[in-house]
Amino acid sequence: MQHFIFNLADGNRQRAASFLHAKRWVFDREERHRDAIAPGDLALVFVALTREFVGRAKLETAFLDPIPSDAATSGPPLSGVLLGDVEEWTSGVPLNIAVQRIDPTASNPYVQSNAAGFRAGVVQITVSEYDIVVALHDEAGEVAEQKQRAKTLEAAKLLREKLGVALRYREQSLSYQWEVIFGTPHDFRRVVDVLAELEFLPLESLSLAAANDIGSGLEQVTSVLERMERFSTDHPASPVAKREQLIKEIHQAADALCTLAGPWVRRVGSGG
């Protein structure tokens, strides 16, 4: 098994992606390594415009001139290879980072000669160089995953704090006093049911988006409950119109919270 770099000298990431999606790589018959390529070889895909490695592929064929085309393909015949297992990398590996890892002392003249970019369309490399670039990509993915996990855990912590604030109104919202004042026990019960489910839910298992969405729902509910508490303290001197507005808002807030938390909790009351 041999290892190569397929250098896209003319084009951007989108063009490289189109080749990978089509599972074919085009290069001229003048390429010096064309006869060395064999099925099973591995290739890194490099985009000269952005100076980064953007994927890798396993070769299915030796050099083909022309590459077989289907009936839907138009245009002049092209030469190159067919690809098998293909990986398109969302986050590319910059060439300068790869060079630093491959030749940290800058003592390898061959590596340093390619540090500014590759002159050929097909460049043969060692298995070690290939593995280093793949490892750099994998490491970057692990770092990104760790950062995402840290954000998720922070969102879960913030969500638990918001839940704690909302839970302070649990008993009050189900009290006889509030039922008399607002006459909306169904909406209060819906909110309390969701809070009870969230209280025992491992919030760290939520996705980042879910934690943020449910947190927004809790903020909306808490805001209404806080104003209801102030209203009940001043009752019966508080304006009737204000009471009606709060009843409308708690219904809307309960609907929103049930919708946002619904996929994650077992029982959610309907709006009715």
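Only the coordinates and a few stated rules stand behind these numbers; no lab work does. Just so you know, these numbers come straight off a predicted model, no measurement behind them. Please note: Cβ atoms are built from the backbone with ideal geometry, for glycine as well, and neighbour counts cover all protein chains shown.
Here are a few things to note about the model shown:
- Note on the chain: antiparallel DSSP beta bridges, both residues inside, total approximately 75 percent of the bridges counted.
- Unit charges at the beta carbon, dipole of the range 149-264: most positive-side option, Gln220, Gly262, Val191: Gln220
- Fewest-first ranking of Met228, Met1, using other Cβ atoms within 10 Å as the exposure measure: Met1, Met228
- Gained length - Ser91 relative to Gln14, 0.36 nm times residue gap less alpha-carbon distance: 26.4 nm
- Straight-line cross-link reach from Lys58 at under 20 Å between alpha-carbon atoms covers these aspartates and glutamates, not counting any fewer than eight positions away in the same chain: Asp28, Glu31, Asp35, Asp41, Asp85, Glu87, Glu88, Glu129, Asp131, Asp138.
- Over the residues of the chain, the helix contribution to mean residue ellipticity at 222 nm works out to -17000 deg cm²/dmol, using -39500 (n - 2.57) for each DSSP H run of at least 4.
- FRET E, pair Lys151, Thr259, Förster distance 22 Å, beta-carbon r, rounded to 0.05: 0.40
- Placing R0 at 41 angstrom, the Cβ-Cβ distance between Gln252 and Glu142 gives a FRET efficiency of 0.45 after rounding to 0.05.
- Put a dot 7 Å past the Cα of Glu226, heading toward its Cβ, do the same for Lys23, and the two dots end up 5.8 nm apart.
- Pairs of Cα atoms in the range 149-264 fall into 5 Å distance bins, from 0 up to the last occupied one, in shares of 2, 12, 24, 23, 16, 11, 7, 4, 2, 0, 0 percent.
- Restricting the calculation to alpha carbons of the chain gives Rg and Dmax of 30.5, 92 angstrom.
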